[in-house]
Amino acid sequence: MTWDFLVEALPSMTQATLATIWISAVAVAIGFVVGVPLAVACDGAPGWGRRAALAYVSFFRGVPLLIQLLLAYYALPFIGIDLPPLVAAIGTLGLCCAAYMAEIIRGGFALVPKGGLEAARLLGLTPRQTLLRIRLPISAQAMRPALISEAILIVKASSLISVVGILELTRSAQALASSTFEPLPAYALCGAIYLVINLALTLLARGRVEGRAV
């Protein structure tokens, strides 16, 4: 990988890296916000609510993300929903992430002592208050490593959104390889950037866990 190649590649790859980080962060945020009520519904919603939540999780975990992206971008216009590429990409990533987040959060909820939930009931807390004050805070530390792992998976999965025309890291590397006729250094640089992002997330998770343990 020559110096000239790096000089040519740096501006576009930097911009694409920022786009990848931003898209992944928004998708993870959507995943968590949607995943919490999904987890609650899967655990204790009555009748159709629980079945609908479980069906949602089964669909988004069972269908490949690439197919979900293609459906969101190409199939929805047939029913009158024409989404911009960026909205389709982030929305699909976020909704897919929510299915996995729901299972992580359900696992965290299982660690909440029943005594704490009983105390909340005796104190007259509403289900929403119990969720925000008891269940999520108590399970948060146990869930953190799994949540960071899911964030890493989303960063890697974001490479698939290039199929709907989003100029993220992988698509930028493809364009760079085509313009420079040097595919090996282009994809090597792309892989190195993904590695740095995910190592940073891993170190962040490890640092927070060790900080809590001290």
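We did not get these values from a lab; they are worked out from the coordinates using the rules stated. It should be emphasised that the depicted structure is a prediction, and the values quoted were computed from it without experimental measurement. Using ideal geometry, Cβ is built from the backbone for each residue, glycine included, and neighbour counts are taken over all protein chains shown.
A few notes on this one:
- Computed extension gain for Tyr187 through Thr14, at 0.36 nm per residue and net of the alpha carbon distance, reaches 60.9 nm.
- Sequence-distant contacts, meaning Cα pairs under 8 Å at least 6 residues apart, place the relative contact order of the range 68-211 at 23 percent.
- Listed residues Phe181, Phe60, Phe32, most fluctuating in the chain (Gaussian network, C-alpha, under 10 Å): Phe181
- The stretch between Arg50 and Ser149 holds 33.0 nm of extra length on full extension. This uses 0.36 nm per residue minus the Cα-Cα distance.
- Calculated diffusion of the chain, Stokes-Einstein form, Kirkwood radius summed over Cα pairs, 20 °C and 1.002 mPa s, µm²/s: 112 µm²/s
- Note on the range 30-95: Kirkwood hydrodynamic radius from all Cα pairs is 12.9 Å, rounded to one decimal.
- Debye intensity ratio I(q)/I(0), log10, the range 79-143, q values 0.20 Å⁻¹ (C-alpha model): -0.79
- Here the extension length gained between Asp4 and Gln129 equals 39.2 nm, from 0.36 nm per residue of separation less the Cα-Cα distance.
- Look at Ser159, Ser24, Ser58 and count the other Cβ atoms within 10 Å of each Cβ; fewest to most, that gives Ser58, Ser159, Ser24.
- Separation in nanometres of the label points that stand 7 Å from Cα toward Cβ, at Trp22 and Leu66: 2.7 nm
- Neighbourhood charge, 13 Å Cβ-Cβ cut-off, centred on Gly35 and excluding it, Lys, Arg +1 and Asp, Glu -1: -1
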